[in-house]
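Here the structure is laid out as structure tokens; the discussion comes afterwards.
Throughout, read-outs are computed from the coordinates displayed, never taken from laboratory work. The model shown is predicted, which means the values in this text are computed figures rather than measured ones. So basically every Cβ, Gly included, is an ideal-geometry build from the backbone, and we count neighbours across all protein chains shown.
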Amino acid sequence: MTKLEQCKSLYNAAFGSEPEFDNMLFDLFFDCIETLEIDGRVAAMYFKIPCTLNINEERRKAYYIYAVTTHSDFRHQGLMSKLFCKTQTESDAFYFLKPSSEGVIKFYTQAGFKQIVGTRESCDAFIEVDDNFKRLSSICDKVKGTYPLMTKGNENIEKLNFVYTLE
């Protein structure tokens, strides 16, 4: 299997399949996938999608961490922690994600993330994304009101406007 096929298979095993969304996600952002491989197999992966954090018109590099998953054969071995350490090394970057469930919040906290409020309401901090991300988000967006976000790289943000979530 190619790396693309392995990543698609791992993604579908973890998150199910929505063909229109999945095809567009991989077509647009395959080059943004971070992986940890063991013996030629993709053991863990996630998308590290570039975007921009805007705080009071001051812009900073940011990454949306999406579809964090480990192959079932390799779980509970600390591989995602290793992948995060290997791929989240830009000290001046802002990293954020929307946790898929309450159960993963402890892991993200241990990985250096803190929980904040994600919102559709206007506030001092917001995320800017490119047109491809906006198109992808329009296929799947289901978030309304506020929701939990996890962030790493700026301890002062308590509320973040992120309109283009991927659900």
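What the table shows:
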read-out: Those residues of the stretch 62-90 which are in contact (Cβ under 8 Å) with a residue 60 or more places away in the chain and part of a loop (DSSP other than H, G, I, E, B), in sequence order; value: H71, Q88
read-out: Scan of the stretch 108-131 for residues that are among the charged types (D, E, K, R) and closer than 18 Å to C51 by Cβ, ordered by number; value: R120, D124, E128, D130, D131
read-out: Some residue of the stretch 140-159 being surrounded by 14 or more Cβ atoms within 10 Å (Cβ to Cβ), small (G, A, S) and in a strand (DSSP E or B); value: no
read-out: Hits in the stretch 85-133 (condition: of a type in the set (S, T, N, Q) and in contact with an Asp or Glu (Cβ under 6 Å, 6 or more places away or on another chain)); value: T87
read-out: Enumeration of residues in the stretch 30-68 that are in contact with a helix residue (DSSP H, G or I) (Cβ under 8 Å, 6 or more places away or on another chain), on the phi < 0 side of the Ramachandran plot and of a type in the set (A, V, I, L, M, F, W, C); value: F30, I33, L36, I38, V42, A43, A44, M45, F47, I49, C51, V68
read-out: Looking only at the stretch 110-138, and only at residues there that are in contact with a strand residue (DSSP E or B) (Cβ under 9 Å, 6 or more places away or on another chain) and surrounded by fewer than 13 Cβ atoms within 10 Å (Cβ to Cβ), the one that is nearest to H76 (Cα to Cα); value: E121
read-out: Selection within the stretch 1-37 - over 17 Å from V68 (Cβ atoms), without any contact (Cβ under 8 Å) to a residue 60 or more places away in the chain and not hydroxyl-bearing (S, T, Y); value: M1, K3, L4, E5, P19, N23, D27, D31
read-out: Pairs, first of a type in the set (D, E, K, R) in the stretch 41-52, second not in a strand (DSSP E or B), C-beta under 6 Å, six or more apart; value: K48/C32
